[in-house]
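Q: My questions will all concern the structure given below.
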Amino acid sequence: MNTYITSDLHFSHKSIIRFCPETRPYTDIDHMNLEMIKQWNDIVNPDDLTYILGDISFSSPNNAVEVISQLNGKKILVFGNHDSGLLRKQTFRDCFESIHQLLDVKYNDQKIVMCHYPIFDHKNCERGALMLHGHRHGNPTGIPGRIKDVGYDATGKIVSLLDDIIEELLLIEPMMHY
């Protein structure tokens with residue numbers, strides 16, 4: 001089993017194609033949705049786990065459920081600003097193993113804080129904890145330390161292996177408090 005992470009998929013979001021043309025070279029939302037589902041399923045196996053750090057879809061709950069149900073693997077949602085309306089529907093919530101606003105996990109002995117938004121002074125940052133977020137679509141935060149935008153438009157990948165993200169961030173010195 002592999003563990004992946006992603007954010008800001010924005011399935012069915014027409015304007016995201018215009019906002020992020022380098023990572024979304026799609027002709028329309030149907031093309032985008034089909035290609036992104038294919039990319040996901042080419043990587044993620046049915047027994048894999050993926051953390052999704054918000055903004056999974058910009059559509060009706062029924063449309064979102066239709067798209068999410070085509071994605072391989074188990075999913076944990078850390079919801080973002082575009083997910084609030086979707087969360088009102090049980091059928092949407094049922095697509096996920098669990099749903100969180102903020103998630104503090106220990107993965108292979110590494111402390112990780114996950115949120116849709118970047119958090120400068122997150123829990124245990126001075127002890128080397130990683131901060132993984134989305135929302136910025138690759139726009140720099142200016143926040144020093146072990147923090148990374150793991151979103152689709154930031155990485156250019158539909159999902160990233162969590163182990164690879166950890167390895168990359170451990171090369172950076174942790175932020176120190178004085």
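The values are calculated or read from the model by the stated rules, or taken from the named source; none is laboratory data. Here the structure is a predicted model, which means the values were calculated and not measured. Heads up, the Cβs are rebuilt from the backbone with ideal geometry, glycines too, and the neighbour counts pull from every protein chain shown.
Q: All but one of (1) closer than 17 Å to Ser160 by Cα; (2) in a helix (DSSP H, G or I) hold for His31; which doesn't?
A: Checking His31 against (1) closer than 17 Å to Ser160 by Cα; (2) in a helix (DSSP H, G or I), the one that fails is (1).
Q: Report yes if Tyr51 is surrounded by fewer than 18 Cβ atoms within 10 Å (Cβ to Cβ) and on the phi < 0 side of the Ramachandran plot, otherwise no.
A: no
Q: Has the stretch 48-68 got any residue that is of a type in the set (Asp, Glu), touching a His at 6+ places or on another chain (Cβ under 9 Å) and closer than 21 Å to Leu161 by Cβ?
A: Checked against the condition, which is being of a type in the set (Asp, Glu), touching a His at 6+ places or on another chain (Cβ under 9 Å) and closer than 21 Å to Leu161 by Cβ, the stretch 48-68 yields at least one hit.
Q: Do we find a residue being in contact with a helix residue (DSSP H, G or I) (Cβ under 6 Å, 6 or more places away or on another chain), touching a residue at least 12 places away in the same chain (Cβ under 8 Å) and among the acidic types (Asp, Glu) anywhere in the stretch 40-49?
A: Checked against the condition, which is being in contact with a helix residue (DSSP H, G or I) (Cβ under 6 Å, 6 or more places away or on another chain), touching a residue at least 12 places away in the same chain (Cβ under 8 Å) and among the acidic types (Asp, Glu), the stretch 40-49 yields no hits at all.
Q: Filter the stretch 112-137 for residues that are part of a strand (DSSP E or B) and either charged (D, E, K, R) or out of contact with any helix residue (DSSP H, G or I) (no Cβ under 6 Å at 6 or more places or on another chain) (or both) and give the result.
A: Ile112, Val113, Met114, Cys115, Met131, Leu132, His133
Q: In addition: Evaluate the following for Asp55: is it at pLDDT 95 or above and in contact with an Asp or Glu (Cβ under 8 Å, 6 or more places away or on another chain)?
A: So Asp55 passes the test.
Q: Find the residue count for the stretch 156-175, including only residues that are surrounded by 15 or more Cβ atoms within 10 Å (Cβ to Cβ), without any contact (Cβ under 8 Å) to a residue 60 or more places away in the chain and farther than 13 Å from Tyr107 by Cβ.
A: Number of matching residues: 2.
Q: So, in the stretch 85-98, exactly how many residues are free of Cβ contacts under 8 Å to residues at least 12 places away in the same chain and surrounded by 14 or more Cβ atoms within 10 Å (Cβ to Cβ)?
A: Looking only at that region, the number is 1.
Q: Any idea which of (1) part of a loop (DSSP other than H, G, I, E, B); (2) more than 19 Å from Tyr152 (Cα to Cα); (3) at pLDDT 95 or above; (4) not small (Gly, Ala, Ser) is the one Asn72 doesn't satisfy?
A: Every listed condition holds for Asn72 apart from (2).
Q: Across the stretch 99-148, what is the number of residues that are surrounded by fewer than 21 Cβ atoms within 10 Å (Cβ to Cβ), on the phi > 0 side of the Ramachandran plot and touching a residue at least 12 places away in the same chain (Cβ under 8 Å)?
A: Here the count works out to 6.
Q: Can you pull out the residues in the stretch 1-34 that are loosely packed, with under 15 Cβ neighbours inside 10 Å, acidic (Asp, Glu) and either within 26 Å of Ser84 (Cβ to Cβ) or in contact with a Phe, Trp or Tyr (Cβ under 9 Å, 6 or more places away or on another chain) (or both)?
A: Selection gives Asp28, Asp30.
Q: Six or more apart or on different chains, Cβ atoms under 7 Å: show the pairs whose first residue is in the stretch 65-84 and more than 15 Å from Asp48 (Cβ to Cβ) and of a type in the set (Phe, Trp, Tyr) and whose second is part of a loop (DSSP other than H, G, I, E, B) and at pLDDT 95 or above.
A: Short answer, once both residue conditions are applied: Phe79/Gly54; Phe79/Gln101; Phe79/His116.
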